[in-house]
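Peer 1: I have a structure I would like to understand better, so I am pasting it below and will then ask my questions one at a time.
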Amino acid sequence: MQKVYLDNNATTLVDPKVKEAMDPFFTQIYGNPNSLHDFGTEPHPYMRLAFDRMYKAIDAPDSSDILITSCATESNNMVLKGVYFDILRHGKRPQIIISPVEHPCVTNTARFLSELGVEVIQLPLNSDGIVDGQILKKYIDPNKTALVSIMWANNETGLIFPVKELARIAHDNGALFHTDAVQAIGKIPVDVRDADVDFLTFSAHKFHGPKGIGGIYIREGLRLTPLLHGGEQMGGKRAGTVNVPSLIGMGYAMELAAENLEFEQTEVKRLRDKLEDSIASIPDTMVIGKRELRTPNTILVSVKGVEGESMIWDLNKKGVAASTGSACASESLEPNPTFVAIGFDSELAHTGIRLSLSRFTTEQEIDYTIDVFKESVERLRKISSSY
Amino acid sequence: MGKNDLIGGALWEQYSDKVSARMDDPKYRGEITEAQAEAMGAKLIVADWGAEACGDAVRLYWAVEKGTNKILDARFKSFGCGTAIASSDVMAEMCIGKTVDEAVAITNIDVEHSLRDKDDIPAIPPQKMHCSVMAYDVIKKAASLYKGVDMASFEEEEIVCECARVSLRTIRDVIRINDLKTVEEITNYTKAGAFCKSCIKPGGHEKRKYYLVDILHDVRKEMEKEKMAEATETKDFKSMTVVQRLKKIESVLEAEIKPILAQDGGSLEVVDIKDEDGKTIVYINYLGACQGCPGAQTGTLMAIQQFLHEKVDESIIVEPV
C-alpha cells in the first residue's frame, strides 16, 4: 500500500543529507567540546559552522545569542520562566500577553505562572483568525505588560501573525517580545533583525532536522535567567553537554531550510494549492483561513458531517497520514479558538482535518491523496447522521 | 504513570479488532424507511441523540412490531469517531429481536463488553468509553418516542459517571461506608471517573451536572459535622476542649435556665470558664431583672448550679461576677 506523509507540522523526516552530516559525530568525532584535549576541540570547527549557518538563516547579529536547547518546549519555558524570575515576580510589571492559539508549551507555562501570581492576558483573534496590531494595542498596558509572546505561524491553521508589527507595539509599550517561530522556519522568511524581536524559538525536527534539539535566539544585551543550572556550557546560560551530532544536524537543516524557501513558496505551495482546490471542490467543505495569510504547506479543512478522528482513521487505512486538532479524543470538547474567531458554526468544530506538506511531498502523492480523500468523505458521509 | 504510560498517543492500538472491523464496515449503518417498516407490519421510530457541536451525534431507526413491541430491525447513522460508530453498530445489532422494554435494559457497558476480543481486555481505551454512552442514550430516546413517555422515566437514579454508570447514591454511600478521602479512592471503589474523566472535575471532556470532587467535598463535610456533633454528645465533660465545654454549658443554659429566668424578666451570660483543682468554675453575669435580685445570689444561683450538675457535670461551680 502506498504511504503518504502529510503531517509535516507534527514532525518531518530528517533530510538524508542532514543525517549524513551528523553521522561522523557519533563514532568518530565524539569528544566532549568542553574537554581540553584534542578529542574535545575536534568538533569545534564543525560546531562553529553550525552556529554560522543558524545565525545566517535567521539573520541574527553575531553579538546576539542563539542558545541550543533540547526542544522548542524548553525554549518557550525558558523565555516565560526567565522573564518571571527577572521581571514578573518583582511585581512592577506583573503581566504577560499571549494569543489564544499558542502551543501548550506556552499556554500551560503561562497558566503555571498565573498560579504564582502573574497576570496572563489571552488576546482575542480578529475575523481572519489572527492577532493584529489593533488588538494588541487595545490590551497592552504600558505600565504592566512585561512580555508579549505570540507565535509567528500557527501549527493547526498555518495562519501567519504580523510579528514585526506586534513586536513594535510591544516595544512602544515597554514590553519584551517573544515569538514561537517553530512553524515558520523553513516555510516563510524569518529575519530576527527585520522583525526586531527579543526572543525567538525554533525546533530542528520541524524543518527536516533531528528531534530532541531546538534553539532560542536572545537579542544582544538581554539577560534571561537560565532554566537549567549546571556547568559553564554556553556561558552558563544553558547548562548541559551540548548535543553535538544534533547541533551539526540542526545547523545544516536550517541552512537547507533557508535555501529551500523559494521552493517552498513555489513548488510546495503549488502542490498544496492543488490539494486544497480539489478538497474545496467537494461540496460542503471549507478551508480555514485566507490562503494568502497562511504558510505555503498547510491546509486545515472542515468537512461537513464527518468527524475528524473518523476521517484520519479512514485516510490512515489508505496510507495517508493527516491529523485532526478537533479529535473527540482531545481533553476538551471546546472548539478550536480559530474556528470560533473566523465565525464558524460550532457544528463544524469537530470536523477539522489538517494536511501539511513538505519539500519531500511529490505530485504523485498529492494525486493519490486527492482520490483517497474523496473516497473517505463519501464513505463517512454515508454513515453520518448529520449529512 | 509507569513504564507503560511513557509513550503516549497509542489511542488506536487500544481498540479491539472488533472495534476496528465495525468501524471499517458497520453492518447496521443506514436507515429504515416508512415503506420498509410498513411492509414488516411495524411502526417506524427514528431517534436522534447528541449534537455535532458536541462531537458525537447518532440517529437510531427501529421497526417495532405492533402488538408484540418487538424490534424487528434496527439501523443507525452516526457522526462520531471510530468507537462511536462501532458502538452504534453493536447497539443496533443488540436491539434486533428484543422487545422495547428489553432493549432499554441494554447499557453502554453491555455494548463495550460485546466489542471485546478477550473477556478481560477492554475493547476501547478509558477516555473513549463515553462514546459508547451515546449508544445507550439513543435507545432510551427511541423507547420514549415509542411509548410516548419522558426519557427520564427510564432512569431510576441520578447518574454521575455515565461511562461506568455509577449513581450519585452509590458514590455517596461508598464515601461514607469506606471513609474515602480522595477521588482516586472513589474511582478504585466504583470505577466512576476511570474512563473519560469528565465527571471528576469541571473543565473536562464534557460538562456534567455532578462532579466527584464536589460530591467528595460535600460528603466529607457532612461526615465531619456529624462526627463533631457526635463527639460533643458522647465525650466526657472533662476531656472536652474549653470551647466544647463552653458550648455545652451554654446549650443547657439556653434550653433549660434562660426560659425560666425570662419569666421574671431576667437573663444571664457566661463571661468565662476556668479550671481550678479539678473544678470548672463558670463565671456568669446576670442581666435584666436578675441584676440586683437578692435570690440571684442564693436560691437561683443554687438552682442553676444544680441544673448544670445534673445536665453537664458535677465539677461545675457557678460564680456570679
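Peer 1: Surrounded by 23 or more Cβ atoms within 10 Å (Cβ to Cβ) and closer than 17 Å to residue B:57 by Cβ: which single residue out of B:161, B:81 fits that description?
Peer 2: Values: B:161 fails: closer than 17 Å to residue B:57 by Cβ.
Selected residue: B:81, the only one of B:161, B:81 that is surrounded by 23 or more Cβ atoms within 10 Å (Cβ to Cβ) and closer than 17 Å to residue B:57 by Cβ.
Peer 1: Separate question: Among what's in segment A:308-346 and is in a helix (DSSP H, G or I), aliphatic (A, V, I, L, M) and at pLDDT below 90, pick the residue that is nearest to residue A:131 (Cα to Cα).
Peer 2: Residues of segment A:308-346 that are in a helix (DSSP H, G or I), as a first pass: A:308-317, A:337-342, A:346.
From the residues that got through so far, the ones that are aliphatic (A, V, I, L, M) too are A:311-312, A:315, A:340-342.
Add one more test, that the residue is at pLDDT below 90, and what stays is A:340-342.
Numbers: A:340: 14, A:341: 10, A:342: 12 Å.
The selected residue is A:341.
Peer 1: Here is a follow-up. State the number of residues belonging to segment B:49-102 that are of a type in the set (Asp, Glu), over 20 Å from residue B:25 (Cα atoms) and more than 14 Å from every other protein chain (Cβ to nearest Cβ). Walk me through it before giving the result.
Peer 2: Within segment B:49-102, the first condition is being of a type in the set (Asp, Glu), and the residues that meet it are B:52, B:56, B:65, B:73, B:89, B:93, B:101-102.
With the extra rule that they be over 20 Å from residue B:25 (Cα atoms), the set shrinks to B:52, B:65, B:101-102.
Now narrow it down to the ones that are more than 14 Å from every other protein chain (Cβ to nearest Cβ): B:65, B:101-102.
Total meeting the criteria: 3.
Peer 1: Do you know which of the residues in segment B:27-48 that are among the charged types (D, E, K, R) and assigned to a helix (DSSP H, G or I) is nearest to the other protein chains (Cβ to nearest Cβ)? Break it down stepwise before answering.
Peer 2: Step one: list which residues in segment B:27-48 are among the charged types (D, E, K, R), which gives B:27, B:29, B:31, B:34, B:38, B:43, B:48.
Cutting the leftovers down to assigned to a helix (DSSP H, G or I) gives us B:34, B:38.
Working: B:34: 18, B:38: 23 Å.
That would be B:34.
Peer 1: Next question, about the same structure. Wholly within segment B:117-195, which helices (runs of 4 or more DSSP H) include no fewer than the required count, namely at least 2 residues that are within 30 Å of residue B:69 (Cβ to Cβ) and under 20 Å from the mean Cα position of the chain (by Cα)?
Peer 2: Numbers: elements: B:129-147, B:168-178, B:183-190.
Ranges flagged: B:129-147.
To keep it simple, each residue is scored yes or no on (1) more than 23 Å from residue B:102 (Cβ to Cβ); (2) buried (at least 17 other Cβ atoms within 10 Å of the Cβ).
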| position | (1), (2) |
| --- | --- |
| B:148 | no, no |
| B:151 | no, no |
| B:169 | yes, no |
| B:178 | yes, no |
| B:190 | yes, yes |
| B:198 | yes, yes |
| B:207 | yes, no |
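Peer 1: Quick check: is even one residue across segment A:81-95 of a type outside the set (D, E, K, R) and within 30 Å of residue A:272 (Cβ to Cβ)?
Peer 2: So the first thing to find is which residues in segment A:81-95 are of a type outside the set (D, E, K, R), and the list is A:82-85, A:87-88, A:90-91, A:94-95.
Add one more test, that the residue is within 30 Å of residue A:272 (Cβ to Cβ), and what stays is none.
No: zero hits.
Peer 1: Turning to a different aspect of this structure: In segment A:181-193, is there at least one residue being more than 18 Å from the chain's Cα centre (by Cα) and over 22 Å from residue A:287 (Cα atoms)?
Peer 2: Going through segment A:181-193, the residues more than 18 Å from the chain's Cα centre (by Cα) turn out to be A:193.
Those left that are additionally over 22 Å from residue A:287 (Cα atoms): A:193.
Within segment A:181-193, one or more residues are more than 18 Å from the chain's Cα centre (by Cα) and over 22 Å from residue A:287 (Cα atoms).
Peer 1: Also, I was wondering about something else. Quick check on segment A:68-99: of everything there that is part of a helix (DSSP H, G or I) and of a type in the set (Ser, Thr, Tyr), which residue is nearest to residue A:223 (Cα to Cα)?
Peer 2: Step one: list which residues in segment A:68-99 are part of a helix (DSSP H, G or I), which gives A:72-86, A:88-90.
Those still in the list that are of a type in the set (Ser, Thr, Tyr) too: A:73, A:75, A:84.
Values: A:73: 19, A:75: 14, A:84: 12 Å.
Step by step, filter segment A:68-99, then rank; the result is A:84.
Peer 1: For segment A:347-376, how many residues are among the aliphatic types (A, V, I, L, M), part of a loop (DSSP other than H, G, I, E, B) and either touching a strand residue (DSSP E or B) at 6+ places or on another chain (Cβ under 6 Å) or exposed (fewer than 15 other Cβ atoms within 10 Å of the Cβ) (or both)? Spell out the reasoning first.
Peer 2: So in segment A:347-376, the residues among the aliphatic types (A, V, I, L, M) come out as A:348-349, A:353, A:355, A:357, A:366, A:370, A:372.
Filter once more, keeping what is part of a loop (DSSP other than H, G, I, E, B): A:357.
Add one more test, that the residue is either touching a strand residue (DSSP E or B) at 6+ places or on another chain (Cβ under 6 Å) or exposed (fewer than 15 other Cβ atoms within 10 Å of the Cβ) (or both), and what stays is none.
Here the count works out to 0.
Peer 1: Within segment B:289-302, how many residues turn out to be free of Cβ contacts under 8 Å to residues at least 12 places away in the same chain and either of a type in the set (Gly, Ala, Ser) or not assigned by TED's automatic domain parsing to the domain that holds residue B:255 (or both)?
Peer 2: Summing the residues that are free of Cβ contacts under 8 Å to residues at least 12 places away in the same chain and either of a type in the set (Gly, Ala, Ser) or not assigned by TED's automatic domain parsing to the domain that holds residue B:255 (or both) in segment B:289-302 gives 3.
Peer 1: Among the residues of segment A:1-60, how many are without any contact (Cβ under 8 Å) to a residue 12 or more places away in the chain and in contact with an Asp or Glu (Cβ under 6 Å, 6 or more places away or on another chain)?
Peer 2: Of the residues in that region, 0 qualify.
Peer 1: Please tell me if residue B:227 is assigned by TED's automatic domain parsing to the domain that holds residue B:176 and part of a helix (DSSP H, G or I). Lay out the reasoning, then the answer.
Peer 2: Working: assigned by TED's automatic domain parsing to the domain that holds residue B:176: yes; part of a helix (DSSP H, G or I): yes.
Yes: the conditions hold for residue B:227.
Peer 1: Something else now. Given the condition closer than 24 Å to residue A:227 by Cα, out of contact with any Pro (no Cβ under 9 Å at 6 or more places or on another chain) and either assigned by TED's automatic domain parsing to the domain that holds residue A:351 or outside any loop (DSSP other than H, G, I, E, B) (or both), answer yes or no: does some residue in segment A:121-141 qualify?
Peer 2: yes
Peer 1: Oh, and also: Say we look at segment B:111-135 and pick out the residues that are buried (at least 16 other Cβ atoms within 10 Å of the Cβ) and among the charged types (D, E, K, R); which of these is farthest from residue B:151 (Cα to Cα)?
Peer 2: So the first thing to find is which residues in segment B:111-135 are buried (at least 16 other Cβ atoms within 10 Å of the Cβ), and the list is B:111-112, B:115-116, B:122-135.
With among the charged types (D, E, K, R) added as a condition, the list becomes B:112, B:116, B:128.
Values: B:112: 22, B:116: 29, B:128: 24 Å.
Residue satisfying both the conditions and the ranking: B:116.
Peer 1: Go over the candidates B:216, B:212 one by one and state the one that is more than 14 Å from every other protein chain (Cβ to nearest Cβ) and touching a Gly at 6+ places or on another chain (Cβ under 8 Å). Don't jump to the end; show me each part of the working.
Peer 2: Details: B:216 fails: touching a Gly at 6+ places or on another chain (Cβ under 8 Å).
Of B:216, B:212, the one residue that is more than 14 Å from every other protein chain (Cβ to nearest Cβ) and touching a Gly at 6+ places or on another chain (Cβ under 8 Å) is B:212.
Peer 1: Turning to a different aspect of this structure: Looking at B:254, B:319, B:314 in this structure, which one is assigned to a loop (DSSP other than H, G, I, E, B) and out of contact with any helix residue (DSSP H, G or I) (no Cβ under 6 Å at 6 or more places or on another chain)? Break it down into steps so the answer makes sense when it comes.
Peer 2: On the way: B:254 fails: assigned to a loop (DSSP other than H, G, I, E, B); B:319 fails: assigned to a loop (DSSP other than H, G, I, E, B).
Result: B:314 is the single residue among B:254, B:319, B:314 that is assigned to a loop (DSSP other than H, G, I, E, B) and out of contact with any helix residue (DSSP H, G or I) (no Cβ under 6 Å at 6 or more places or on another chain).
Peer 1: Among the numbered criteria (1) over 21 Å from the mean Cα position of the chain (by Cα); (2) of a type in the set (Lys, Arg); (3) assigned by TED's automatic domain parsing to the domain that holds residue B:162, which one does residue B:220 miss?
Peer 2: The one condition residue B:220 does not meet is (1).
Peer 1: Has segment B:4-11 got at least one residue that is facing chain A (nearest Cβ under 9 Å) and closer than 19 Å to residue B:128 by Cα?
Peer 2: So the first thing to find is which residues in segment B:4-11 are facing chain A (nearest Cβ under 9 Å), and the list is B:11.
Then drop every residue that is not closer than 19 Å to residue B:128 by Cα, which leaves B:11.
Yes; the residues of segment B:4-11 include at least one that is facing chain A (nearest Cβ under 9 Å) and closer than 19 Å to residue B:128 by Cα.
Peer 1: A further question on this structure: Of all residues in segment B:161-199, which are touching a Cys at 6+ places or on another chain (Cβ under 7 Å) and hydrophobic (A, V, I, L, M, F, W, C)? Give the steps one after another, and end with the answer.
Peer 2: Here is the first cut: in segment B:161-199, the ones touching a Cys at 6+ places or on another chain (Cβ under 7 Å) are B:161, B:163, B:192-193, B:195-196, B:199.
Within segment B:161-199, B:161, B:163, B:192, B:195, B:196, B:199 meet the criteria.
Peer 1: Then there's this: Return the pair list, or none, for Cβ contacts closer than 8 Å from residues in segment B:61-76 that are on the phi > 0 side of the Ramachandran plot to residues that are part of a strand (DSSP E or B), at least 6 apart or on different chains.
Peer 2: What qualifies is B:69/B:99.
The values are calculated or read from the model by the stated rules, or taken from the named source; none is laboratory data. All figures in this text were calculated on a predicted structure; none of them were measured in a lab. In this analysis, Cβ positions are derived from the backbone assuming ideal geometry, glycine residues included, and neighbour counts consider all displayed protein chains.
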